[in-house]
1. With the condition kept exactly as written, say whether any residue in the range 97-116 is in contact with a strand residue (DSSP E or B) (Cβ under 7 Å, 6 or more places away or on another chain) and farther than 17 Å from Gly71 by Cβ.
2. For the range 180-205, enumerate the residues that are of a type in the set (D, E, K, R) and modelled with pLDDT of 95 or more.
3. Restricting the search to the range 107-138, which residues are under 20 Å from Lys184 (Cα atoms) and open to solvent by less than 60 Å² (accessible area, probe 1.4 Å)?
4. If you check every pair at least six apart or on different chains, which have Cβ atoms under 7 Å apart with a residue in the range 20-34 that is touching a residue at least 40 places away in the same chain (Cβ under 8 Å) first and a residue that is in a helix (DSSP H, G or I) second?
5. Under 9 Å by Cβ, and 6 or more places apart or on different chains, what pairs join a residue from the range 109-120 that is in contact (Cβ under 8 Å) with a residue 60 or more places away in the chain with one that is among the aromatic types (Phe, Trp, Tyr) and open to solvent by 50 Å² or more (accessible area, probe 1.4 Å)?
6. Residue check: is Glu62 within 18 Å of Ala201 (Cα to Cα), under 11 Å from the mean Cα position of the chain (by Cα), open to solvent by 10 Å² or more (accessible area, probe 1.4 Å) and at pLDDT 95 or above?
7. Looking only at the range 156-213, which residues are open to solvent by less than 70 Å² (accessible area, probe 1.4 Å), among the polar types (S, T, N, Q), part of a loop (DSSP other than H, G, I, E, B) and farther than 22 Å from Glu19 by Cβ?
8. In the range 85-92, is there at least one residue being open to solvent by 20 Å² or more (accessible area, probe 1.4 Å) and part of a loop (DSSP other than H, G, I, E, B)?
Amino acid sequence: GPMSNRTIFIGDVHGCFDELKELLEKVSFNKNSDRLIFLGDLINKGPHSKEVVDFVRGGGFECLLGNHELGFLRSLTDEKFFKKGFKKFYESYSDAKEREETIEWIKNLPLYIEESDFICIHGGIEPHIPLNQQEPRVATRIRTWGGDREDLNNESNPPWHDFYEGEKTVIYGHWAMQGLHKTKNTICLDSGCVWGGKLSALIWPEKEVKQVK
């Protein structure tokens, strides 16, 4: 029927587990027929990072590497980053085995998923570089592009998606200030739920967006 074989993409959850459950209800998520892909940044800032990760990992759903997951992994070997949200998330696992398995799962998150009609990636695609050569640090953080990999969020530079000319739709998150945003071949799903905005889902191939406050 019309409900079968959907892919549902979900923007940056950031520990907002209640909103996630509400959104999955709103899109009538069916784990037997729907493919569910999270665009990364499951953790930090919001109240229920562990619950979100356990839900995604436990359900065997797909998730991209976000800059917050990348930062968490870095914080495990670099003490000056092991603070605030990362420390809190780490300590929310009282069971060492479960914590190690979760860290291993995070280490294996893909940078992007490419299918015949879409590409999804957390931040965006660095211009002029093939998809399989994107640098995780850049591809999870890029918003604007002026030719400098350190300067990825500069209002005087154009957005990275101005440079994207591929046929496949790129579905991404990360840019809460930009919010829900569509160009002819890119869709941003980070609508700032953790900042009091909305959590967004994109239903594919219909390209229908559903949101919860």
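1. Taking the range 97-116 and keeping what is in contact with a strand residue (DSSP E or B) (Cβ under 7 Å, 6 or more places away or on another chain), we get 109, 111-113.
From the residues that got through so far, the ones that are farther than 17 Å from Gly71 by Cβ too are 112-113.
Within the range 97-116, one or more residues are in contact with a strand residue (DSSP E or B) (Cβ under 7 Å, 6 or more places away or on another chain) and farther than 17 Å from Gly71 by Cβ.
2. Of all residues in the range 180-205, those of a type in the set (D, E, K, R) come to 182, 184, 190, 198.
Correct list: Lys182, Asp190, Lys198.
3. Ile113, Phe118, Ile119, Cys120, Ile121, His122, Gly123, Gly124, Ile125, Glu126, Pro127, Leu131 - these are the residues of the range 107-138 that are under 20 Å from Lys184 (Cα atoms) and open to solvent by less than 60 Å² (accessible area, probe 1.4 Å).
4. Leu20/Val52
5. Between residues of the range 109-120 that are in contact (Cβ under 8 Å) with a residue 60 or more places away in the chain and residues that are among the aromatic types (Phe, Trp, Tyr) and open to solvent by 50 Å² or more (accessible area, probe 1.4 Å), the close pairs are Cys120/Tyr112.
6. Details: within 18 Å of Ala201 (Cα to Cα): yes; under 11 Å from the mean Cα position of the chain (by Cα): yes; open to solvent by 10 Å² or more (accessible area, probe 1.4 Å): yes; at pLDDT 95 or above: yes.
Judged against the criteria, Glu62 is a match.
7. Within the range 156-213, Asn157, Thr183, Asn185 qualify.
8. First, pick out the residues of the range 85-92 that are open to solvent by 20 Å² or more (accessible area, probe 1.4 Å): 85-88, 90-92.
If we keep only those that are part of a loop (DSSP other than H, G, I, E, B) too, we end up with 92.
Yes, some residue in the range 85-92 is open to solvent by 20 Å² or more (accessible area, probe 1.4 Å) and part of a loop (DSSP other than H, G, I, E, B).
The values are calculated or read from the model by the stated rules, or taken from the named source; none is laboratory data. None of these values were measured; they are calculated from a predicted model. In this analysis, Cβ positions are derived from the backbone assuming ideal geometry, glycine residues included, and neighbour counts consider all displayed protein chains. All accessible areas refer to the heavy atoms of the entire protein, side chains included, with ligands and DNA or RNA removed. Shrake-Rupley method; radii C 1.70, N 1.55, O 1.52, S 1.80 Å.
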